[in-house]
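Working notes, beginning with the structure itself.
The values are calculated or read from the model by the stated rules, or taken from the named source; none is laboratory data. Keep in mind it's a predicted model, so treat the numbers as computed, not measured. When we count neighbours, we look across all protein chains shown, and the Cβ atoms used for this are built from the backbone with ideal geometry, even at glycine. Heavy atoms of the whole protein, side chains included, go into the accessibility calculation; ligands, DNA and RNA do not. Shrake-Rupley method; radii C 1.70, N 1.55, O 1.52, S 1.80 Å.
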Amino acid sequence: MGKPSAEFMPLNVAVLTVSDSRDATSDSSGDYLREALAEAGHQVLDHALVKDDRYRIRAVVSSWIASSDVQVVLINGGTGFNTKNCTPEALLPLFDREIEGFGELFRMISYEDIGTSTLQSRAVAGVANGTVIFAVPGSTNACQSAWERIIQDQLDARTRPCNFVSHVKKP
């Protein structure tokens, strides 16, 4: 991580939980991400919980991409290797550009915690219409690792030599 040299710029973020088993009372990963975003100084504009269905996922994320206010979307869940998991399939057609290194870096970090099981993680990220989108596994530990070790710094304009703040649309 580089030296801080710019001002912090709060971003407008939406959080999506993809799960067939969680509801608003048991969405610990979504709760964690919303709390972490607020603690970091970002504004959580919206959040949703949808079943693991590529078209429902795509519909919610598409509405946020089309919004003039949402700059970042954080998604947890639906990235596993089970055939029911379809978050990457829902997102990839929406991306203008994929952030290939995100999945690789997430799996490298995850290897420290879960060993070779990280091969079954299909974490992805990309940019669509000036909206940066990160999709990570649904476990709270995975969300915490992704946030603390990758995403938080990349959503901070002070991170050098580069970050994604300059790539988001201006609301």
Per-region count, segment 72-93, residues part of a helix (DSSP H, G or I) and surrounded by fewer than 24 Cβ atoms within 10 Å (Cβ to Cβ): 4
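Among the residues that make up segment 100-112, is at least one of them under 23 Å from Leu45 (Cα atoms) and in contact (Cβ under 8 Å) with a residue 24 or more places away in the chain?
no
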Tabulated pairs, segment 139-164, first touching a residue at least 60 places away in the same chain (Cβ under 8 Å), second basic (Lys, Arg) and surrounded by fewer than 20 Cβ atoms within 10 Å (Cβ to Cβ), C-beta under 6 angstrom, 6+ apart or interchain: Arg160/Lys3
I'm trying to understand the selection: among the residues of segment 80-99, which are at pLDDT below 95 and under 12 Å from Phe134 (Cα atoms)? none
Counting only residues that are touching a Gly at 6+ places or on another chain (Cβ under 8 Å) and either modelled with pLDDT under 95 or open to solvent by 20 Å² or more (accessible area, probe 1.4 Å) (or both), which one in segment 115-137 is farthest from Phe81 (Cα to Cα)? Pro137
Pairs with Cβ under 6 Å, 6+ apart, first in segment 121-136 and within 15 Å of Thr17 (Cα to Cα), second of a type in the set (Gly, Ala, Ser) and open to solvent by less than 10 Å² (accessible area, probe 1.4 Å): Ala123/Gly103; Val124/Gly103; Val124/Ala135; Ile133/Gly126; Phe134/Ala125; Val136/Ala123; Val136/Ala146
Anything in segment 68-84 that is out of contact with any helix residue (DSSP H, G or I) (no Cβ under 8 Å at 6 or more places or on another chain) and either acidic (Asp, Glu) or touching a residue at least 40 places away in the same chain (Cβ under 8 Å) (or both)? List them, or say none. Ser68, Asp69, Gln71, Val72, Lys84
Mind counting the residues in segment 141-166 that are under 17 Å from Gln71 (Cβ atoms), outside any loop (DSSP other than H, G, I, E, B) and of a type in the set (D, E, K, R)? 1
Every residue in segment 11-42 that is surrounded by fewer than 16 Cβ atoms within 10 Å (Cβ to Cβ) and either modelled with pLDDT of 95 or more or charged (D, E, K, R) (or both), please. Asp20, Asp23, Ser28, Glu35, Ala38, Glu39, Gly41
So which residues in segment 47-70 are under 22 Å from Leu92 (Cβ atoms) and in a strand (DSSP E or B), if there are any at all? Ala48, Leu49, Val50
Does Asp69 satisfy the condition of being modelled with pLDDT under 95 and either under 17 Å from the mean Cα position of the chain (by Cα) or open to solvent by 70 Å² or more (accessible area, probe 1.4 Å) (or both)? no
Within segment 140-159, track down each residue that is crowded, with 18+ Cβ neighbours inside 10 Å and either small (Gly, Ala, Ser) or touching a Lys or Arg at 6+ places or on another chain (Cβ under 8 Å) (or both). Ala142, Ser145, Ala146
